[in-house]
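Please read the structure below before turning to the comments.
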Amino acid sequence: MTPRLSMRTFFAGLVAISALSACGGGTAAPAQTIPGDAGLIVKAVKTIRFDASEYSAKAGDIKVAYSNEDSVRHTLVVVKDGIKVANFKLVAPQKGAVDVASINLAAGSYTLICDVPGHQNMKATLTVS
């Protein structure tokens with residue numbers, strides 16, 4: 001004689017299995033994709049730094065992609081003459097995260113920074129032409 005499961009027990013088990021499988025087994029979010037039409041790609045890399053010290057882009061509307069290849073949260077802001085450019089901040093909270101937004105910049109020299117406390121070494125020059 002084989003024991004039979006009640007419908008209530010069956011559905012409770014099914015819900016538990018579904019919940020566990022939704023959690024996944026990794027410790028980082030799945031990597032997101034950098035858009036192919038990005039006019040500026042900046043990566044936060046290990047040892048709390050950007051992947052380059054200098055970047056360039058064409059003036060006008062620039063699609064910026066910010067990718068986090070580090071294990072801690074990073075931000076990206078644009079600074080002109082010591083003042084943060086208003087209404088622009090990208091946030092990549094964990095490894096594999098990508099944040100994308102557009103910014104309109106005139107030709108000139110800008111500074112890219114991560115404004116997370118303790119990340120003051122994350123500075124780079126952006127030349128817009």
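The values are calculated or read from the model by the stated rules, or taken from the named source; none is laboratory data. Being a predicted model, the structure only gives us computed values, none of them experimental. Because the Cβ atoms are built from the backbone with ideal geometry, glycine has one as well, and the counts that use them run over all protein chains shown.
Got a sec? Which strands (runs of 3 or more DSSP E) wholly within region 50-117 have at least 1 residues that are more than 18 Å from the chain's Cα centre (by Cα)? Write out each step before concluding.
On the way: elements: 54-57, 60-68, 74-80, 90-92, 98-105, 108-113.
Hits in region 50-117: 54-57, 60-68, 74-80, 98-105, 108-113.
Working only within region 18-67, note down all residues that are among the β-branched types (Val, Ile, Thr) and at pLDDT 95 or above. Talk me through it step by step, then tell me what you get.
Initially, region 18-67 is screened for residues among the β-branched types (Val, Ile, Thr), giving 27, 33-34, 41-42, 45, 47-48, 62, 64.
Scanning region 18-67 gives Ile41, Val42, Val45, Ile48, Ile62, Val64.
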statement: Per the filter on region 63-81, residues under 10 Å from Lys43 (Cα atoms) and of a type in the set (S, T, N, Q) are Ser67, Asn68
- request: Taking Ala124 as meeting all but one of (1) surrounded by 14 or more Cβ atoms within 10 Å (Cβ to Cβ); (2) free of Cβ contacts under 8 Å to residues at least 40 places away in the same chain; (3) among the aliphatic types (A, V, I, L, M), write down the number of the exception.
  value: (2)
- request: Among the residues of region 40-84, count how many are small (Gly, Ala, Ser) and either surrounded by 18 or more Cβ atoms within 10 Å (Cβ to Cβ) or out of contact with any strand residue (DSSP E or B) (no Cβ under 9 Å at 6 or more places or on another chain) (or both).
  value: 5
